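**Student:** Let me give you the structure first, and then I'll get to my questions.
The values are calculated or read from the model by the stated rules, or taken from the named source; none is laboratory data. Worth saying up front: this structure is predicted, and the values here are computed from it rather than measured. With ideal geometry, Cβ positions are generated from the backbone for all residues, glycine too; neighbour counts draw on all protein chains shown.
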Amino acid sequence: MNQDYDLHLEEAKGKIEESSDLEALKKLEIELLGKQSLTAQAKGSLGELEPEERRELGLALNETRSKLEEMLETRRRRLESEVKGEQLENERLDLTEFDRGHRLGHRHVVTQTWERLEDLFIGMGYSVSEGPEIEDEWHNFGALNFPLGHPARDMYDTLYVEYGDPMSTLLRTHTSPVQIRVMEEEDPPIYSIMPGRVFRSDTADSTHMPVFHQIEALVVDRGITFGDLAGTIEAFTSAYFGKDFESRLRPSYFPFTEPSAEFDIRQPGGKWLELGGCGMVHPEVLKAGGLDPEEWQGFAFGFGLDRLALMRHEIDDLRELFRNDYRFLAQF
């Protein structure tokens with residue numbers, strides 16, 4: 001068994017060294033460490049083994065994964081160093097140039113998007129709610145109907161904090177825990193939005209960041225229907241993007257809503273673009289928030305703030321929002 005993993009490491013080492021840029025390395029990292037990787041599949045079969053075999057294989061898997069992570073990190077640093085060197089060579093500043101101008105600062109494009117959304121929803125009668133970025137497992141997963149064993153609970157997707165019981169404290173992976181806290185602390189009817197910063201165990205690339213921003217909306221009242229949800233999304237789309245934009249809902253699945261859907265938007269003549277997820281609040285989630293689902297119904301929807309900024313301003317690379325390059329940010 002160990003010989004198989006040694007061979008796997010040798011093959012992986014060759015592929016890692018052949019990675020010519022960070023994008024290629026990211027794809028290889030998913031192949032070697034993602035949910036469909038050899039180590040992930042082997043980990044899923046541990047429960048079928050005898051205790052001694054499980055222990056032996058578990059140790060081998062952990063050792064293999066650690067070595068893969070080390071090799072990937074070494075190659076990543078080397079590639080990042082090469083990129084930095086090219087930037088320093090190509091973006092030299094003339095320190096002798098005298099600038100007589102006085103430039104006024106302005107809000108970051110993400111902050112502009114955040115504040116515009118807040119103003120829009122406040123105008124629709126919503127309040128703004130906030131919650132802690134360091135969360136407990138109950139509010140982030142348990143209360144939101146994530147079953148034990150759900151992939152989102154895995155340490156490879158979630159950043160856990162070494163505090164208290166193992167895997168009991170984490171950096172929130174979405175703003176949905178604020179929904180539970182609002183239901184716990186406020187009496188319905190509830191009409192509230194929850195913007196905030198969230199965290200995932202992701203490597204930065206053109207579409208992913210380990211730290212990014214989300215906004216969610218929660219409505220809890222008597223007699224709320226899926227039609228109310230669809231109408232609200234349509235009203236939001238028209239108010240934010242313009243009256244010529246339209247929206248549609250597609251069936252989907254989320255643990256915390258039932259039924260669930262994803263919603264897309266498009267401009268006439270354009271293609272449909274996925275924006276976010278939505279659905280009727282699951283009865284178990286209402287119960288977790290201390291509400292009786294027989295009396296109260298609700299809907300929720302959410303999407304990425306950063307993604308919305310990309311779509312609105314036609315930006316291709318998510319990383320541009322966080323590089324603090326004045327030449328880029330001054331455009332907005």
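**Student:** Assess whether F212 counts as being under 30 Å from R319 (Cβ atoms) and at pLDDT 90 or above.
**Tutor:** Yes, satisfied.
**Student:** Sticking with this one: Tell me, which residue of region 16-42 that is surrounded by fewer than 16 Cβ atoms within 10 Å (Cβ to Cβ) and of a type in the set (K, R) is modelled with the lowest pLDDT? Full working, then the answer.
**Tutor:** At the first step, the residues of region 16-42 found to be surrounded by fewer than 16 Cβ atoms within 10 Å (Cβ to Cβ) are 17-18, 20-21, 23-24, 27, 30-31, 34-36, 41.
Among the residues that remain, those that are also of a type in the set (K, R) are: 27, 35.
Details: K27: 86, K35: 76.
Among those residues, the one meeting the criterion is K35.
**Student:** Against the conditions (1) touching a residue at least 60 places away in the same chain (Cβ under 8 Å); (2) of a type outside the set (A, V, I, L, M, F, W, C); (3) over 30 Å from E91 (Cβ atoms), where does P283 fall short? Just the number, please.
**Tutor:** Among (1) touching a residue at least 60 places away in the same chain (Cβ under 8 Å); (2) of a type outside the set (A, V, I, L, M, F, W, C); (3) over 30 Å from E91 (Cβ atoms), the lone unmet condition for P283 is (1).
**Student:** Still on this model: What pairs can you find where one residue is in region 108-136 and closer than 30 Å to D165 by Cβ, the other is of a type in the set (G, A, S) and exposed (fewer than 15 other Cβ atoms within 10 Å of the Cβ), and their Cβ atoms are less than 7 Å apart, with a gap of 6+ or different chains?
**Tutor:** The qualifying pairs are D136/S168.
**Student:** I'd like to know if region 163-181 contains one or more residues that are at pLDDT below 90, within 15 Å of the chain's Cα centre (by Cα), over 30 Å from H313 (Cβ atoms) and not hydrophobic (A, V, I, L, M, F, W, C).
**Tutor:** No: region 163-181 contains no residue that is at pLDDT below 90, within 15 Å of the chain's Cα centre (by Cα), over 30 Å from H313 (Cβ atoms) and not hydrophobic (A, V, I, L, M, F, W, C).
**Student:** Sort out for me the helices (runs of 4 or more DSSP H) sitting completely within region 265-332 that have 2 or more residues that are of a type in the set (A, V, I, L, M).
**Tutor:** Working: elements: 283-288, 305-313, 326-329.
Once the helices (runs of 4 or more DSSP H) in region 265-332 are filtered for at least 2 residues that are of a type in the set (A, V, I, L, M), what remains is 283-288, 305-313.
**Student:** Does E274 satisfy being closer than 26 Å to V219 by Cα, in contact with a Pro (Cβ under 9 Å, 6 or more places away or on another chain) and either charged (D, E, K, R) or outside the structural domain of V219 (by TED's automatic domain parsing) (or both)?
**Tutor:** No; evaluated as a whole, the condition is false for this residue.
**Student:** May I pose another question? Which of the residues spanning region 277-308 are among the aliphatic types (A, V, I, L, M) and touching a strand residue (DSSP E or B) at 6+ places or on another chain (Cβ under 9 Å)? Don't jump to the end; show me each part of the working.
**Tutor:** Going through region 277-308, the residues among the aliphatic types (A, V, I, L, M) turn out to be 280-281, 285-286, 288, 291, 300, 305, 308.
Scanning region 277-308 gives M280, V281, V285, L286, L291, A300, L305, L308.
**Student:** Another question, then. I want to confirm something. Restricting to region 140-199 and keeping residues that are farther than 24 Å from T113 by Cβ and of a type in the set (F, W, Y), which single residue is surrounded by the most Cβ atoms within 10 Å (Cβ to Cβ)?
**Tutor:** Residue satisfying both the conditions and the ranking: F141.
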